[in-house]
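The values are calculated or read from the model by the stated rules, or taken from the named source; none is laboratory data. This structure is a prediction, so every number in the text was calculated from the model and none was measured. Here the Cβ is made from the backbone with ideal geometry for all residues, glycine too, and neighbour counts use every protein chain on show. Each accessible area value is taken on the protein alone, full model and side chains, heavy atoms only, with ligands, DNA and RNA left out. Shrake-Rupley method; radii C 1.70, N 1.55, O 1.52, S 1.80 Å.
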Amino acid sequence: MTNQLPQFGFVRLPTILSVIPVSKSTWWAGVKTGKYPRSVKHGGSTFWKAEDINNLIESIAKGA
């Protein structure tokens with residue numbers, strides 16, 4: 001899995017789904033259960049911290 005995300009800052013869902021191959025509904029279900037990081041709302045848009053997504057990718061790569 002190639003990580004094309006910034007190290008810091010915020011990313012939107014389409015960017016996340018381009019590197020983590022799950023559907024939108026699977027992603028949102030995972031957010032609800034705590035499997036995936038919580039989102040941050042700003043100005044009517046939804047973002048995720050890039051650090052949280054990079055940590056998730058690392059844990060997936062380690063098989064956790």
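Around residue 5, with a cut-off of 15 angstrom between Cβ atoms, what is the net charge of the other residues, counting Lys and Arg +1 and Asp and Glu -1? If you can, show how the numbers build up before the last one.
Values: positive: 12, 49; negative: 51, 52, 58.
That sum, taken over residues with Cβ under 15 Å, equals -1.
Please calculate how many Å² of accessible area the chain carries per residue, with a 1.4 Å probe and no DNA, RNA or ligand atoms counted. Before the final figure, lay out each step's value.
Numbers: 4450 Å² over 64 residues.
That works out to 69 Å² for each residue.
Express the carbon and sulfur contribution to the solvent-accessible surface of the chain as a percent, rounded to the nearest whole number, probe 1.4 angstrom. Don't jump to the answer; show the numbers that get you there.
On the way: 2370 of 4450 Å².
Answer for the chain is 53 percent, counting heavy atoms of protein chains only.
Residue 58: accessible area at probe 1.4 Å, nearest 10 Å²?
Near enough 100 Å² of accessible area.
Using DSSP to define loop residues, name the trypsin sites (Lys or Arg not before Pro) in segment 10-64 whose beta-carbon has at most 16 other beta-carbon atoms within 10 Å.
Working: sites: 12, 24, 32, 35, 38, 41, 49, 62; in loops: 12, 35, 38, 62.
Sites meeting the loop and neighbour criteria: 12, 35, 38, 62.
Over all directions, the average projected area of the alpha-carbon convex hull for the chain comes to how many nm²?
Numbers: hull surface 17.0 nm².
Taking the Cα atoms of the chain, their convex hull projects to 4.3 nm² on average.
For the chain, what is the relative contact order in percent, using Cα pairs closer than 8 Å and at least 6 residues apart in sequence?
Working: 60 pairs, mean separation 26.2, N = 64.
For the chain, the relative contact order is 41 percent.
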